Every structure is written in structure tokens, then in C-alpha cells.
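The structure appears right after this line, and notes come after that.
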Amino acid sequence: MHNPLTGVVIIGRNEGDRLVRCLQSVQRLKDFVVYVDSQSSDGSPERAEAMGANVVRLSLDVPFTAGRARNAGFNRLMELHSNLHFVQFIDGDCEVADGWIEFAVQFLVAHPEVAIVCGRRKERFPTRSIYNQLCDIEWDTPIGDAQACGGDFLVRTEVFREAGGFNNSLIAGEEPELCYRLRQQDWRIHRIDMPMTYHDAAMVRIGQWLRRSARCGYAYAARAALHWRDGNRYCWRENARIVLWALLLPTTIAVLSAMITPWFLVMALVLPIQFVRIVRYISAKRPGIPTLAYSFFTVLGKWPEFYGQMLFVVRWLRGREQRIIEYK
């Protein structure tokens, strides 16, 4: 495919062979590919240049975020090819499925009311660890009109430009935040039941999963703070659910047990009850998922997510720079 109307922006940092696979998957568009590197130490920029990509090296003057990197890539792409109608964003640890970009372009051409289209992201090695498998489950989202997309998607260039691109300050969750702003302008986000990208989470240790969960909680808090004046209570439910399970419930049990009677410790049974409730729901609605593991990590995840929320609050109150939370 040599379509001058479609370009590609790839972002990465120390992705190694994953970046090579990513670039190989879009070689047919190599004249319209920009790779944005966030100070890799593994030779990623040089490897990308050798494969024909135009490389942008981000400076250390401003904290790294995925949103900042994608915006820089988009701007370079527009400088090189101002006539592009569509841009495919890809994370450097992913590779594009055959035929995806062509099909996605045709979809946007046929549906002028849709700003962003995405497809199925799958884990390349889901059985390598339970944490990779959890990511694979996370990517399995409903088809049709969606509230948000992930880091891989095709977007109309004019829509992206008019929206002001991503919010550079968000260390995570920049994609759903962009989708939120687009939906406020009556644009649609659509997910197609078609392979889009293959992702390599490379998570083999629980510490990686904990940091990734903390980043998720951080993103919920940051997005809510960014739009709290909108009146739409953006991300309020997600933040409230984390606070309820990680803070309010344990604190209430501890205080009542200490001040009134230890019998209030019985309230702690709500946690295994929640676990059983999730097990029953997953067993009925999503067969094939490792039910016990998924339910356990869903309950456990509220504590690292709460830590992420508090980390955002502390940094925000102190006026500190919002720096990324890496899990690889």
C-alpha cells in the first residue's frame, strides 16, 4: 500500500526487537512513518532510521509522556506531508495486523461522522504470564460505538489537529481523554471486530503489574482533575470505586472494630463476597477467561490504583511535574 493520504506515528523507548517488528509491519508505508523516541539507550533511533523511518528524538527539557511523544510525531508528519488525511498511531511494543490500515481507512471514508476507528488489540504472548493474560483480557472490549480507544488507532488529521491533539501533561489515559473531548463535539469513536495490532506487554513479575495498576489509578485521578469543571463528572465513578474499596471500607471496619466492638471485623467478609460475585459474573458472561485469577487481581488491583491516585494528588498539591510511571 503506497497511499500518500495515510501516515503512521510510532512512539517508543527501549523497545528493542519489539520496535523492529513494529516498523516491519508498516514497511509498505515507510515513506510516511515517523518514529518518536524518548531517550532510548538501546539504539532504537538508529535502528528506526536504518529501516527508513523519520526519527524525532525528544529532549529532556520537558517530562516524557506518551501524549507529548504522539503530538511531536504528528507535528513532524504534518511538516513532511501536509496533505495526509489519516494518521495511524501505534505504540512501539505493537505490530500492525495485515490489512488493518487499509480497512480502517475505508471505514473512515465511508463513515464521515466517525473521528477515530480502532480494532482488536491482542497480546502476542498471553500465556507467558498471568499478567500478560490480564492485558489480553483488558483489550477484549465491546464492538461498535465506544467511549474511548487505546494507544493504537486511526484518526482523521483535521479532527486531531482541531482538537489540539493529546494533553501533554497526562502520564497515562491520554487516549480516553482525547476521545472524551471529541465526543463532547459530537464525534463518534468506533471499534471494529478485526485484528488491529499485536501487543507485547512483557510483564512477568508482579511488581510490573502493581506499577501498571498504580499508573491506571493515577490516570483516573488526573483526568478527573482536568475536567472537574465540565459538570459531566468525568471519571468520578472510576475514582469513587477505587476509594471505596481501598480506603473507605477498610478504614470503616478498622475504626468501628477499635471503637465499638471487634465484631465489626465481620464486615471484612465483603471482600471475599466481592471476589465470589466477580467469579460468578465472569463465569456466566465471559467463558474462557481464567476466572479465579482474573477475579483475584480485580479485587487486589484497587490498592495499587489507590496508591496511584494519592501519588497524583500529592504531586498536584505540591505543584510538581507529572512524571511517567514505567512498568517495563
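Summary of values
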item: Within the chain, percent of DSSP bridges classed antiparallel, to nearest 5; result: 30
item: Span from the the stretch 255-328 Cα centroid across to the the stretch 72-140 one, whole angstrom; result: 30
item: From the C-alpha gyration tensor of the stretch 264-328, square roots of 5λ in Å; result: 32, 18, 8
item: GNM result for the chain, Cα springs below 10 Å: residue of GLY151, GLY16, GLY119 fluctuating most strongly; result: GLY16
item: The chain, dipole about Cα centre (Lys/Arg Cβ +1, Asp/Glu Cβ -1), debye to the nearest 20; result: 1100
item: Two-decimal Rg to Rh for the stretch 197-237 - Kirkwood Rh, Cα set; result: 1.18
item: Using distinct alpha-carbon pairs, which all enter the 1/r mean, Kirkwood radius of the chain in Å; result: 21.1
item: ARG286, ARG124, ARG277, reordered so the largest accessible area comes first (probe 1.4 Å); result: ARG277, ARG124, ARG286
item: The chain - percent relative contact order, Cα under 8 Å, separation 6 or more; result: 18
item: Of all accessible heavy-atom area on the chain, the percent that carbon and sulfur account for (1.4 Å); result: 57
item: For the stretch 79-178, alpha-carbon Rg over 2.2 N^0.38 Å; result: 1.16
item: Enclosed volume per residue, in Å³, of the convex hull spanned by Cα atoms of the stretch 195-311; result: 171
item: Nearest-20 debye value, the stretch 58-172 charge dipole, Cβ charges on Lys, Arg, Asp, Glu; result: 160
item: The stretch 234-278, Cα convex hull volume normalised per residue, Å³; result: 61
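The values are calculated or read from the model by the stated rules, or taken from the named source; none is laboratory data. All values derive from a computational prediction rather than experimental measurement. Every residue, glycine as well, gets a Cβ built from its backbone with ideal geometry; the counts of neighbours run over all protein chains shown. In case anyone asks, the SASA skips ligands and DNA or RNA and just uses the protein heavy atoms, side chains included. Shrake-Rupley method; radii C 1.70, N 1.55, O 1.52, S 1.80 Å.
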